[in-house]
Each structure stands twice: as structure tokens, then as C-alpha cells.
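**Student:** Can you read through this structure? Questions will come right after.
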Amino acid sequence: MPETTPTGLTRLAFGGDYNPEQWPENVWHEDVRLMREAGVTMVSVGIFSWALLEPSPGEYDFDWLDRLLDLLHENGIRADLGTPTVVPPVWFYRAHPEALPVAADGTRYEFGSRGAICHSNADYRAAAATITTQLAERYADHPALAMWHVHNEYGVPVSACYCDSCAAHFRRWLAARYETVDAVNEAWGTAFWGQRYTDFDQINPPRVAPTVGNPGQTLDYKRFADATMRENFCAERDILHRLAPGIPVTTNFMTALSQCDSVDYWAWGREVDIVTNDHYLITDGRRTHVNLAMAADLTRSVAGGAPWLLLEHSTSGINWQPRNPAKTPGQMARNSLAHVARGSEGAMFFQWRQSRRGAEKFHSAMVPHAGTESRVWREVVELGASLDSLSTIRGTRTQADVAVLWDWHSWWAQNLAWRPSEDHDARERADSFYEALYDRHLTVDFAHPEADLSAYPLVVVPALYLMTEAAGSNVRAYVENGGTLVVSYFSGIVDEHDAVHEGAYPGALRDVLGLTVEEFSPLLPGQSVRVTGPDGSELTGDVWTEFVVPRDAETVWTYADGPAAGLPAVTRHHLVAGSAWYVSTRLDAQGLDALLGWASDDAGIAPRADLPRDVEVVRRVGESGTYLFAINHSSSDVKVPLDGHGTELLTGERAAGRVALPAGAVRVVRLDG
Ligand code: GLA
Ligand code: ZN
């Protein structure tokens, strides 16, 4: 993917979703005055404006948007212009009721919310192309236009539709992929439970059935739904490229969504001109800044390491979780700059002015209900100044230390029904391994299992149930060439069709790990096992154990009790120039830290003992220099070591040897030379 930034931006992007249609026009003038006061450089407009732009079929009203874009331009603010195709107007649905999506149980969703779209519907596709063409023709040359924002968050709130037109589209998709219906039978294993098809026309979406449906069918339906949304994105993108050449096209991702349930961002990352992401703090009792770092690292990885843009986050509380705490003083800046440290070319928000009406009126904004006499507003203005002082980092790249393998197709497969244990939560393992790496102060790149891994001294596979043979060979070659691999249980089990690899588990990883697994033996709730190491130290595991048979691997840690007592819990396999570690139970944080410590020694990664917990240090490097971001999420003042000396950009102070980092603060040192 080419490295692109919004056209005409000379500073970092700072601003938010701007929905002026919710306000009388005199407020717009107040808005741009405040935007200038805060140093706003770009706003996202028109994302939900279809009903205003086309009040009745074929009758357009662009006057208000003309005035708005002119006003922004006169004030030096760039526009990220939406195609409003996530919200067709009610007249469209009344004329084409079958464009409303259908759930797996047959319920057809009603108009009156947003994102109610059947992506296979021909009338929707035609209408989306028409409004996109209208916008592109009108605004291609508008001097405020910086970027196109296609649709909004593909995949939510509806990730797949199960209607008849999707069924027909699914059959066409299957025919293109498999050519014959027998190839589908083979891939899905329809010999099981007598599910054999003799004609593509007999195949339906995996609608609600008496019990568990065919896993291959369910998995392919995820792929189909993802591909269908991407077809629609690409159709809009191609219109925009043709009519407005040179203006980058994006759509806002949600890379770290906890269910990993909607779209394959590896594939989407190749289609957009610039990767953009939305991130909100998830209030689930865990440290929110760790999930934020993970989302940012994953987004950068989807962008192939190129700079990306945080298109939405919040100034303070959100309103769609059960409980939505306000951000603490300084937290918004820490969050924003943590995204920038990990490659974002700015920090944008949902939304500019807090709504008085509608579903999101209790969601924070840059201009809150409390007005400008508020902490949120003061911090917004401060953040604008901070970002302004970081302008030269644009185009630099974040440096990573290690890679974690990640694959949306594997997520979809491991969330299928009827597994050895419902307590095995693959996402929990990924989060926990990420957290353990974060606590060792290592910066993570995520990598597709078939990607080139040779740049990384250490590659971690927290949970990768689905691995193709090609992925297995890839990690094997990585180890043979000197890499260090860490693999957690229930990885490498099935192929791309959710069929178990031939031979003993874990088929795709047997050779590289030098072992086989005879049986899984998950633990019951509340049960745990002790595992002991050669030095007598003891760790605990829960949720999972298995009967590991070492072939060429050595046993490093052994189960002291539980169903696998006496068998290996952690093994290590020397293979040509590298080594591969395997862990067969769910270690707690302390256990993961120990495991990653041993693996880091193999990989030659020195411990960063000089950095306290919850102090994040990340580097961006490029032509304009090396920038060290130090972010203190803890409540103690600390000093962070520097390799050399430089200028701290937020305070303008010189720093040599170490930089003082007060509790809650961020420092960005541009190193000399
Ligand atoms: C998403 C959407 C926005 C808004 C925010 C609220 O990211 O894209 O329109 O609903 O959530 O958090
Ligand atoms: Zn449909």
C-alpha cells in the first residue's frame, strides 16, 4: 500500500466527526472559531447526511454542504468528506424494503437506527454508487477536500445478512471459489450428518438450525460477508478515484474489536489508500492503555507499518457500554499521544460538538454540553498545541521489537461451536500475551501467519487454531533460519476449511515444535494445575492441559499435578539455527512473563529493567529524525533513560541521558544527530 496522508495537511490531523446538520447555521460560525482556537486541522463531515443531501429520489440539496466546505476552507480546516452510504434515507427503504438486512433467525431489521444494509442488494448498490458519484462530481476539486471517508465502520452493527438475495450471492461466491458443488462437499465435510449437496441452488446461508450447523459453511459465510462488504467499498472507492484522482480514500476500521467478528482487516488494509481506525476505551477491569496500545499496533500492522490515522476516539466517557467512566485529567492526551507514538498521524475524535438529541447525546465530544468553561475543552486546546509541536514526526515509522501472529480467519474459526472447552478464549490469550510483552516494554508488530517474519528475533503465537500448511512451513522456515518462536496451546489444529490437519495435533506445527499432542484435557472451572521447572520454581495454569509427547523437543517445565501430571507443560525445540517454545496450559501473568523471559534470552532480546511498570517507551524513526515517546500511565514520577540527548518537543526543554517524566505525563524527545 502506498504511503498516503490526507491531501493538503501540513500538520498532524486533529479534529473530529463534525455533524453541523444538527445545529442552526449560526452555530457553525461559532464552531469554526473554536476549531481555530483549538488548532483543529481536519474534520470528518457528511458521514450520515444522505437524507439531507437527497431529500427525495434524484433530488439533491448540496447548498448547505457547499456553504460548510467553503466555511471550513476559509478557516484553513481540511475536510474528510463522507459518502453517506451507511444510512440510506427512509424513502429508499420504503421503495426497496428488501434492502433491509435479515438476521440468521429470519427477522428483518427495520429502518430507524443506522447501518441497516443488505450488502448484496442490487438497489442499495446502485443507490450507493449514484450518491457517491454525485458527491465526487461536485466536490472533486473543492479546495477543502483532504480525504474521502467511505461509509462508516463496515461490519457493525450488522456483519452478515441472511436474506434470499444474499443466499443467491453466496452461491455465486461459492461457485467462483470452488467451481463444483462436490468441491464444496469436500471442503465442508458434508459427508458428516448427511449434509451432502448435489446442486449449488440447494445451499443457503447458515440460518438458524436445530443444533450446531456445518462449521465449514459458517466459516465460508463469514468470508463471503466480508468479501461482499469489501466489494461495496471498492465500488465506491473506484468511483472516487476516477472522479477525484489524487484524493486518498479510506474507511474507518475497528481493528481491535473484542469479538474479532466482522472483517478481515489484512485484506481491507490492501484496499484503502490510508488505514484509519476508531478506538474506544473498553471498561472491563483491565488496563485500558494496554488495549489501546494493542489496537494501535494492530492498526499499524494492517497498514504494513506505514503511518495510519486515528479517525475516532473520545475526549472523555462514551455511552454504549454498561458503565462509561469519564476520562481522568490528562488521560485524553495520554491516549491520543499513545496512538501517535504507535504510528498515527494525528488524533481525531467522535465528535466535535456533543449532540443534544439522538442516541449519542451522552457521548463526550470536543465541545461538551458543559461548553468551553470545562476541563474537557481546556484539555482539547492543550492537545491541539501539543500535536502542533509534533508536526515533524509525520511520515516517520514506529519501530517494533517482536511479532505476534494474528489472523481474522482463525478468529472466526476458533469462535465456532463445540470445542474442547468453552473456557478457552482465544482473544483472552492474545490479550494476555500482548500484555506480557507490553509489560516487558517490547513494541509489538502483528503479522499474518504467512508473512515474512525474518525481521523479528521473537515471534509469538498466542492462539492460532486455524493455520494453513503454508503458514506452518512459514514459521518452520523462520525458526530454521534462527528465529525464536513461542506457541500457546490449541494452535495449528485445523486448515482453512476447519478440517483437522492429518496426523496427530498440532498438524501445522508438529515439526517446528518437535512434539505431538495426543489429547486435550481441559480443566473444570476453579481447577488449576502446578507446573514445576528445572530450578524447582513453580507456576500455575488453568483452563487447559493436554497430553504432550515430546519427539525432538526437550521438556523444560512439567505438570506436577492434574490430568497431565508428569507430562511436559512447557517444551523447547532446537531446530537448525533457532528454537521453538510450546506451552500447553493457560499460564497466568507471572508464568507468561517467565516464559517470555526464557524465549527473549534465546532471541537475544535484553530485558528493559530500567523502565517501571506502566511506563511506555516507543520510538518513531524516519528522515526527520528519531523520536522517543515516553508515556507515564502510573502515579509516580519517573526518569526515562535516553540513548544520547535531544529536545523534548512538548516542553521545549533539553534532555540529556534521561528525561523526567512526571506521573500521568507524556514526553516526546527528538534525539540529536
Ligand atoms: C463509532 C461510530 C461513531 C460513533 C462512535 C461512538 O465509532 O463510527 O459514529 O457512533 O462509535 O463511540
Ligand atoms: Zn441480504
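**Student:** Between Lys639 and Ala359, what is the label-to-label distance in nm when each label sits 7 Å out along the Cα-to-Cβ direction?
**Tutor:** Spacing of the two 7 Å Cα→Cβ label points: 5.3 nm.
**Student:** Tell me the mean residue ellipticity at 222 nm calculated for the chain from its helices only (DSSP H runs of n ≥ 4, each -39500 (n - 2.57), averaged over every residue, nearest 500).
**Tutor:** Mean residue ellipticity at 222 nm (helix-derived): -9500 deg cm²/dmol.
**Student:** Tabulate in residue order the Karplus-calculated ³J(HN,Hα) for segment 362-372, using 6.51 cos²θ - 1.76 cosθ + 1.60 with θ = phi - 60°, rounded to whole Hz; enter x for Gly and Pro.
**Tutor:** For segment 362-372, the Karplus-derived couplings read 9, 8, 4, 8, 6, 10, x, 3, 5, x, 7 Hz, x marking Gly and Pro.
**Student:** In the chain, with Lys and Arg counted as +1 and Asp and Glu as -1 at Cβ, which of these residues, Asn19, Leu257, Pro210, has the Cα nearest the positive end of the dipole, that is, farthest along it?
**Tutor:** Toward the positive end, the furthest listed residue is Asn19.
**Student:** What percent antiparallel are the DSSP beta bridges of the chain, to the nearest 5?
**Tutor:** Taking every DSSP beta bridge with both residues in the chain, the antiparallel ones total about 55 percent.
**Student:** If the reach is capped at under 22 angstrom between alpha carbons, list the lysines near Lys327, excluding any in the same chain fewer than eight residues apart.
**Tutor:** Hits, sequence-local ones excluded: Lys361.
**Student:** Now, a different point. What whole-number distance in Å separates the alpha-carbon centres of segment 354-431 and segment 41-111?
**Tutor:** Distance between centres, Cα-based: 25 Å.
**Student:** May I ask you to derive the relative contact order of segment 163-204, considering only C-alpha pairs under 8 Å and at least 6 residues apart, and to give it as an integer percent?
**Tutor:** Relative contact order comes out at 46 percent.
**Student:** Segment 193-235 to segment 591-615: how many Å between their Cα centroids?
**Tutor:** The distance from the Cα centre of segment 193-235 to that of segment 591-615 comes to 44 Å.
**Student:** Another one. Cβ neighbours within 10 Å, averaged per peptide: list 546-554, 663-671 in order, most packed at the top.
**Tutor:** Ranked by mean Cβ neighbours within 10 Å, highest first: 663-671, 546-554.
**Student:** Give the peptides 57-65, 35-43 in descending order of average Cβ contacts within 10 Å, highest first.
**Tutor:** The most tightly packed comes first, giving 35-43, 57-65.
**Student:** Right, another one. Please give the direction-averaged projected area of the C-alpha convex hull for segment 376-512, in square nanometres with one decimal.
**Tutor:** 11.5
**Student:** Let me ask something else. Under a point spin-label approximation (7 Å from Cα along Cα-to-Cβ), what is the Asp535-Asp182 distance to one decimal in nm?
**Tutor:** Going from the Asp535 label point to the Asp182 one covers 6.0 nm.
**Student:** With Cβ to Cβ distances under 14 Å as the rule, what net charge do the other residues near Met229 carry (K, R +1; D, E -1)?
**Tutor:** Neighbour charge sum, excluding Met229 itself: -2.
**Student:** At what distance in nm do the modelled label points of Ala126 and Trp23 sit from each other, each positioned 7 Å from its Cα along Cα→Cβ?
**Tutor:** Roughly 3.9 nm, to one decimal.
**Student:** Which whole-Hz ³J(HN,Hα) couplings does segment 527-540 yield from phi under the Karplus relation 6.51 cos²θ - 1.76 cosθ + 1.60, θ = phi - 60°, glycine and proline marked x?
**Tutor:** Result, rounded to whole Hz: 7, 9, 10, 9, 10, 10, x, x, 8, x, 5, 10, 10, 10.
**Student:** What FRET efficiency comes out for the pair Asn204/Ala660, r = Cβ-Cβ distance, R0 = 51 Å, nearest 0.05? Before the final figure, lay out each step's value.
**Tutor:** Numbers: r = 64 Å, r/R0 = 1.25.
The value I calculate is 0.20.
**Student:** Here is a further query. Can you list the chymotrypsin sites (Phe, Trp or Tyr not before Pro) in segment 375-483 that are in a DSSP coil and have 10 or fewer other beta carbons within 10 angstrom?
**Tutor:** Answer in residue order: Trp418.
**Student:** Now, a different point. Can you give the net charge of the other residues whose Cβ lies under 14 Å from the Cβ of Gly625, counting K and R as +1 and D and E as -1? Present the calculation step by step, with values, prior to reporting the outcome.
**Tutor:** On the way: positive: Arg394, Arg397, Arg619, Arg620, Arg670; negative: Glu623, Asp643, Glu648, Asp672.
Neighbour charge sum, excluding Gly625 itself: +1.
**Student:** Full extension from Val576 to Ser389: what is 0.36 nm times the residue separation minus their Cα-Cα distance, to one decimal in nm?
**Tutor:** Answer, rounded to one decimal: 62.4 nm.
**Student:** Stretch Thr372-Thr133 to full length: gain in nm at 0.36 nm per residue minus the Cα-Cα span?
**Tutor:** 82.2 nm
**Student:** Under the classification rounded if a/c is under 1.5, otherwise prolate if a/b is larger than b/c and oblate if not, where does segment 402-603 fall, given a ≥ b ≥ c as square roots of the Cα gyration tensor eigenvalues?
**Tutor:** Taking the square roots of the gyration eigenvalues as a ≥ b ≥ c, segment 402-603 is rounded.
**Student:** What's the extension gain from Tyr60 to Leu524 if we count 0.36 nm per residue and subtract their Cα-Cα distance?
**Tutor:** 160.9 nm
**Student:** Do you know the relative contact order of segment 255-312, to the nearest whole percent, from alpha carbon pairs under 8 angstrom that are 6+ apart?
**Tutor:** Worked out over segment 255-312, it gives 45 percent.
**Student:** Can you check what the net charge comes to around Gly652, using other residues whose Cβ is under 12 Å from the Cβ of Gly652 (Lys, Arg +1; Asp, Glu -1)?
**Tutor:** Taking every other residue near Gly652 into account, the sum is +1.
**Student:** Next question. Consider a paramagnetic label point 7 Å from the Cα of Val621 along Cα→Cβ; state which residues of segment 455-488 have an amide N under 20 Å from it.
**Tutor:** The answer is 455-459, 483-484.
**Student:** Moving on to the next point. Kindly write out, for segment 323-337 in residue order, the coupling ³J(HN,Hα) from the Karplus curve 6.51 cos²θ - 1.76 cosθ + 1.60 (θ = phi - 60°), rounded to whole Hz, with x marking Gly and Pro.
**Tutor:** 9, 10, x, 6, 6, 7, x, x, 5, 4, 5, 4, 4, 4, 6
**Student:** Using alpha-carbon pairs under 8 Å, 6+ residues apart, how would you state the relative contact order of the chain in percent?
**Tutor:** Across the chain, relative contact order equals 10 percent.
**Student:** Based on Cβ point charges of +1 for Lys and Arg and -1 for Asp and Glu, what charge dipole magnitude is obtained for the chain about its Cα centre, in debye rounded to the nearest 20?
**Tutor:** Taking the Cα centre of the chain as origin, the dipole is about 1300 debye.
**Student:** With a 10 Å radius around each residue's Cβ, average the other Cβ atoms per peptide and rank 596-608, 155-167, 219-231, 341-353, highest first. Walk me through the intermediate numbers first.
**Tutor:** Numbers: 596-608: 16.3, 155-167: 19.6, 219-231: 21.2, 341-353: 25.7.
For the peptides 596-608, 155-167, 219-231, 341-353, the packing ranking is 341-353, 219-231, 155-167, 596-608.
**Student:** Additional query: Per the Kirkwood treatment, what hydrodynamic radius in Å, one decimal, follows for the chain from the mean inverse distance over all distinct Cα pairs?
**Tutor:** 26.6
**Student:** Where in segment 66-147 are there GluC sites (Glu not before Pro) that are in a DSSP coil and have at most 12 other Cβ atoms within 10 angstrom of their Cβ? Let's see the in-between values first.
**Tutor:** Working: sites: Glu74, Glu98, Glu110, Glu137; in loops: Glu110.
Taking segment 66-147 and a limit of 12 other Cβ atoms within 10 Å, the loop GluC sites (Glu not before Pro) found are Glu110.
**Student:** Let me ask something additional. At R0 = 22 Å, how high is the FRET efficiency between Val500 and Thr211 if r is their beta carbon distance? Nearest 0.05 is fine. Display every interim value, and only then the final one.
**Tutor:** Numbers: r = 20 Å, r/R0 = 0.92.
My answer for the efficiency is 0.60.
Each value in this text was obtained by applying a stated rule to the coordinates, not by laboratory testing. Quick caveat, the model's predicted, so the values are computed rather than measured. When we count neighbours, we look across all protein chains shown, and the Cβ atoms used for this are built from the backbone with ideal geometry, even at glycine.
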